[in-house]
Amino acid sequence: MDRRTPIAVLATLALFCFSSVHADEARIDRRALVTRHNPSFTTIDPSSPIMVGNGDIAFTVDITGLQTFESEYSSLVPLMTQAQWAWHSFPNPRGYTLEDALVPIDVRGQTRRYAYLADWSQTEKPAIAWLRENPHRFSLGRVSLHLLSKSGAPAAFSDLSDTHQRLDMWSGTLTSRFTFEGREVAVETRVHPQLDMLIVTLTSELLEERRLAVDLKFPGVAAQLNPNPADWDHPDRHRTTMTEARPREIAFARELDATRYYVRASADVDIASARVGRHHYRLTPKAKTRTLTYLVSFSQSAQPTTFPSPAEARDAVAAHWARYWEGGGAIDLSGSTDPRANELERRIVQSQYLMALNAAGTVPPQEEGLFSNSWNGKFHLEMHLWHAAHFAAWGRTELLERSMPWYLEHLPRAKERARAQGVKGAWWPKMVGPEGRESPSTVNPFILWQQPHPIYLAELIYRDRPTRETLMRYRDVVFETADLLASIMHFDENRGEYVLGPPIIPAQEVFPPLTTFNPTFELEYYRFGLQTAQAWRERLGLGRNAEWDRVIEARAPLPQRDGLYLAAESFPEQWQQARSPACSNGHTAPACWNRDHPSFLAALGLLPGETVDAAAMRRTLRAVEAHWDLRQTWGWDFPMIAMTAARLGEPDKAIDFLFFDAKNNQFGRTGMTPRVHLDAHAEHAVPTSSMNVGTDGPGYRRAAETYFPSNGSLLLATALMAAGWDGSEGHAPGFPKDGKWVVKVEGIKPLP
């Protein structure tokens with residue numbers, strides 16, 4: 001599939017997907033569903049700006065509709081222009097390679113080498129720092145308004161009045177209005193669906209008065225990459241070259257070390273371009289006009305001079321988004337009387353918009369998508385499932401498939417990594433950039449729950465498109481990943497069982513890697529991955545893989561103690577400790593294990609849990625409710641727990657967990673959720689050099705103003721709750737049957 005294949009063309013295929021709306025019910029009014037949740041503002045919300053984009057590029061804008069007053073927003077809210085293809089590396093004159101980060105680790109009598117850091121202080125070493133920081137995402141530029149007062153002074157934000165802003169998600173149009181010195185200014189902002197192009201329409205008498213213009217500013221890349229990598233203080237470290245200047249068009253070539261990209265701006269009237277600074281240009285209409293449209297595009301290569309007309313560009317945006325919403329899945333809760341229904345519907349709709357912008361690109365997205373940087377803008381493959389699995393469940397499989405080629409392209413490197421660790425198959429790293437090199441870390445080398453993800457994602461694609469073509473396209477990734485799952489587990493002669501780890505760090509990242517083994521979720525996920533890979537072999541007419549079957553049949557059982565599932569067999573004291581005064585009642589000590597992700601619940605929730613004892617999992621869910629420090633969790637934990645409750649036949653609990661009152665589970669006015677850490681509970685302290693950190697009240701630190709795994713997991717959980725899962729019964733089995741919920745569902749696939 002061409003990377004520029006528009007959502008608009010492909011999403012219409014989903015119109016004929018499975019629908020759980022009864023035959024005598026009217027179809028969901030998609031437009032009414034979407035538009036009743038359009039975000040609107042009359043004042044700045046410092047933590048919730050609006051984004052516009054197309055999946056490959058995104059613009060974060062202020063209340064003027066452009067990037068004019070960044071200082072009015074939280075320090076964790078940079079108004080950036082980021083693209084999936086925009087990566088930069090600082091020079092590497094000493095030639096650092098991953099070899100410089102590898103350290104020997106004894107693995108059952110064999111020496112293996114991992115990019116492992118014993119503690120975060122090692123990130124200060126030049127080689128480690130360079131390997132972690134490069135490559136990184138950067139900001140392509142800033143597009144802002146230039147407003148002049150009657151006295152000739154630049155406008156301050158306090159000079160604006162009557163500010164209004166509304167995002168029409170149905171048409172992809174952001175409309176911003178304000179008054180400046182008695183003159184109204186209207187700004188319409190859009191992003192073209194196939195071109196990485198901003199479409200800006202200005203309407204104001206200030207244009208006639210030559211007091212309104214558009215500024216283009218280009219930053220360098222700062223040494224501090226998070227959350228805002230833009231460097232405005234060292235103009236000598238990068239280059240902007242004007243390559244063309246025509247009556248209605250201007251073009252630039254940009255150089256940041258070895259990175260090159262191109263910018264082109266055109267207008268529907270003749271414009272004058274003035275160089276205001278070394279990397280700062282101002283575009284002003286030459287003739288008097290009250291309205292004009294600018295097209296500003298960014299690309300990796302020099303662009304053709306023929307652009308769409310403003311009208312064609314606007315029509316393309318409208319068609320793109322209308323077809324996006326008309327295709328794929330929908331959940332309508334408008335007939336419900338539960339007071340939470342409208343809010344849940346809002347979160348679902350706005351999450352669909354945000355994920356189309358931030359998680360539908362050609363590489364897996366970083367946790368902050370195209371909004372801001374953390375971990376230097378790299379992506380974390382264990383989050384790819386939460387970011388993108390929902391696309392297939394919601395009938396938008398083509399959007400998941402845009403990032404799946406990354407696995408195909410990097411399969412040879414993943415196989416090399418597996419061989420270096422003495423195992424078969426393909427070993428998928430955790431924190432990486434587009435080139436596929438893992439990053440040294442205290443946790444990265446030993447996180448293993450991302451390994452089955454390519455199988456899970458490929459299976460969701462097959463369930464939506466059960467063809468031989470699908471099987472053939474992903475068979476190598478599925479089979480090589482399965483080889484890894486089987487061979488990374490070792491046979492313990494004394495136990496007569498296959499054991500997972502050490503070394504391993506579970507999804508609950510609080511456990512030491514060199515002594516942890518048999519984490520519950522990973523054990524079940526590896527079994528699921530192997531069983532699914534066997535199904536792929538059978539679909540292709542191949543025999544079952546005997547080695548995979550041996551591991552499936554002799555895999556260690558899921559660990560329990562006192563009738564409760566453990567995070568890992570190696571920590572049997574988990575629940576005894578969780579019940580102690582030091583670890584209960586909101587006073588969790590750093591050594592307690594009842595914090596971070598309660599990922600063992602996902603063995604029956606995210607997964608069908610074929611070897612899970614439902615009664616034991618029900619007791620474990622109760623224990624989490626009673627003893628887990630849910631303050632020290634992440635945004636995807638709550639939908640994950642909701643999935644467990646739904647599969648256990650407790651839909652009331654599922655809704656309760658979706659609305660659990662935690663700082664990490666708040667959906668702002670645009671649908672974004674923050675990422676917050678509780679300082680007193682952080683055993684693995686996150687270095688401020690790697691993440692963007694602010695404050696959020698006593699004991700807390702806010703690490704980002706948005707965390708898109710929250711939105712993706714919400715969509716996956718509500719898909720399960722609305723459309724069900726293999727073997728579920730009845731309509732919307734994950735929603736309460738108390739008469740307060742009226743659930744209309746269209747175009748959503750049941751999960752495994």
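Bear in mind these aren't lab numbers, they're just calculated from the coordinates by the rules spelled out. In this text, all values refer to a predicted model and were calculated from it rather than measured experimentally. Every residue, glycine as well, gets a Cβ built from its backbone with ideal geometry; the counts of neighbours run over all protein chains shown.
Remind me, relative contact order of segment 423-477 in percent, using alpha carbon pairs under 8 angstrom and six or more residues apart?
Normalised by residue count, the contact order of segment 423-477 is 27 percent.
Scanning the chain for helices, which whole DSSP H stretches are 20 Å or more long along the axis (Cα) and average -0.5 or more by Kyte-Doolittle?
341-358, 468-488, 709-723
Considering Cα pairs under 8 angstrom that are at least six residues apart, work out the relative contact order of segment 601-673 and quote it in whole percent.
Reported relative contact order: 33 percent.
Starting from the Cα of residue 125, draw a straight line to each of the lysines and keep only those under 22 Å, dropping any in the same chain fewer than 8 residues away.
Candidates past the 8-residue exclusion: 378, 430.
Could you state, as a whole-number percent, how many of the C-alpha pairs of segment 406-537 are farther apart than 20 Å?
Considering segment 406-537, 45 percent of its Cα-Cα pairs are separated by more than 20 Å.
For the chain, place one equal point scatterer on every Cα, skip the solvent, and apply the Debye formula. What is log10 of I(q)/I(0) at q = 0.05, 0.06, 0.09 Å⁻¹?
The Debye formula, applied to the Cα set alone, gives -0.25, -0.36, -0.82.
Rg to Rh for segment 280-437: what is it, with Cα atoms only and Rh by Kirkwood?
1.08
Work the Kirkwood hydrodynamic radius out for segment 261-335: mean of 1/r over every pair of different alpha-carbon atoms, inverted, in Å.
15.7 Å
Peptides 255-268, 445-458: what's the order by average Cβ count within 10 Å, highest mean first?
Descending packing order for the listed peptides: 445-458, 255-268.
If I histogram all Cα-Cα distances within segment 283-374 using bins 10 Å wide from 0, what percent of pairs lands in each bin?
The distribution over segment 283-374 is 11, 26, 32, 21, 9, 2, given as percents.
Using only Cα atoms, figure out Rg for segment 179-334 and give it as a multiple of 2.2 N^0.38 Å.
After normalising by residue count via 2.2 N^0.38 Å, the value is 1.20.
Would you calculate the convex hull of the Cα atoms in segment 433-503 and tell me its volume per residue in Å³?
126 Å³
Among the lysines, select those whose C-alpha is under 26 Å from the C-alpha of residue 288, and discard any that sit fewer than 8 residues away in the same chain.
Result set, ordered by chain and number: 150, 217.
How big is Rg to Rh over segment 245-285, alpha-carbon atoms, Rh as the Kirkwood inverse-mean-distance radius?
1.03
Could you work out the relative contact order of the chain? I mean the mean sequence separation of Cα pairs under 8 Å and 6+ apart, divided by the number of residues, in percent.
15 percent
Please arrange 381, 523 by counting, for each residue, the other beta carbons lying within 10 Å of its beta carbon, fewest first.
By the 10 Å Cβ count, ascending: 381, 523.
Cα centroid distance between segment 307-334 and segment 461-529, in Å?
Measuring centre to centre over Cα atoms gives 39 Å.
With the cut-off at 21 Å, report for segment 208-296 the share of all Cα pairs above it, as a whole percent.
For segment 208-296, the share of Cα pairs beyond 21 Å comes to 36 percent.
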